[in-house]
Amino acid sequence: MKTALRFKTSLQENIQDLLNDQIAMEAHSSSAYLAMSAWCHVQGLQGTANFYRKQSGEERNHMMKIFDYIADAGGHPISPDVKDIPKNFNNLHDLLLASLEMEVKITESFNKIVEQCNKSRDFQTARFLDWFLDEQLEEEKTARRAIELYELIGTEGTGLFRIDHEIEKLGLE
């Protein structure tokens, strides 16, 4: 049922649906990063656990920023169900690759939404999403850097210990 308030918004339903899908992606990402943090904690990788816990919080903040935008625009934000969160990883390298893959998918999704905004002439939402596009560039860069550190340092000797500390520093930049 549409209320009078819903009739007084420029947020188009197709864009609202895409934004709600993005909320779900951000919620999934937040939960996935928390699971990564837990896995790292169990492995004794406290620095990396701290890094992914912080990432989890950032993803939740992204989710809420979109949620608030929809609500402020007179739309109906949806609180998503979060399912299928991986809890175990073969090793740290696989976890780092999963993180990068997740960030690339999120970037692709934002690009799709902006493309739809431009087609629908919803320039206000497209402008709102500019911040997320910039943020995704940073997120992908950080995820790639974590993989580079793993591959450059290697796991021989104290390598894993050093990787753990270097990844924690990425969260401080």
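Quick notes on this one:
- Pairs, first at pLDDT 90 or above and charged (D, E, K, R) in the stretch 150-173, second in a loop (DSSP other than H, G, I, E, B) and crowded, with 18+ Cβ neighbours inside 10 Å, C-beta under 6 Å, six or more apart: Asp164/Leu45
- Looking only at the stretch 36-46, and only at residues there that are under 18 Å from the mean Cα position of the chain (by Cα) and either surrounded by fewer than 18 Cβ atoms within 10 Å (Cβ to Cβ) or of a type in the set (S, T, N, Q) (or both), the one that is farthest from Glu108 (Cα to Cα): Ala38
- Qualifying residue in the stretch 38-47 (condition: among the aliphatic types (A, V, I, L, M) and over 17 Å from Ala143 (Cα atoms)): yes
- Condition met for Ala71 (touching a Pro at 6+ places or on another chain (Cβ under 9 Å), of a type in the set (A, V, I, L, M) and closer than 17 Å to Glu139 by Cα): no
- Any hit, the stretch 133-156, residues being of a type in the set (Gly, Ala, Ser) and surrounded by fewer than 16 Cβ atoms within 10 Å (Cβ to Cβ): yes
- Lone unmet requirement of (1) part of a helix (DSSP H, G or I); (2) within 24 Å of Thr48 (Cα to Cα); (3) not basic (Lys, Arg) for Met64: (2)
The values are calculated or read from the model by the stated rules, or taken from the named source; none is laboratory data. On a predicted model such as this, the values are computed, not experimentally measured, just so you know. In this analysis, Cβ positions are derived from the backbone assuming ideal geometry, glycine residues included, and neighbour counts consider all displayed protein chains.
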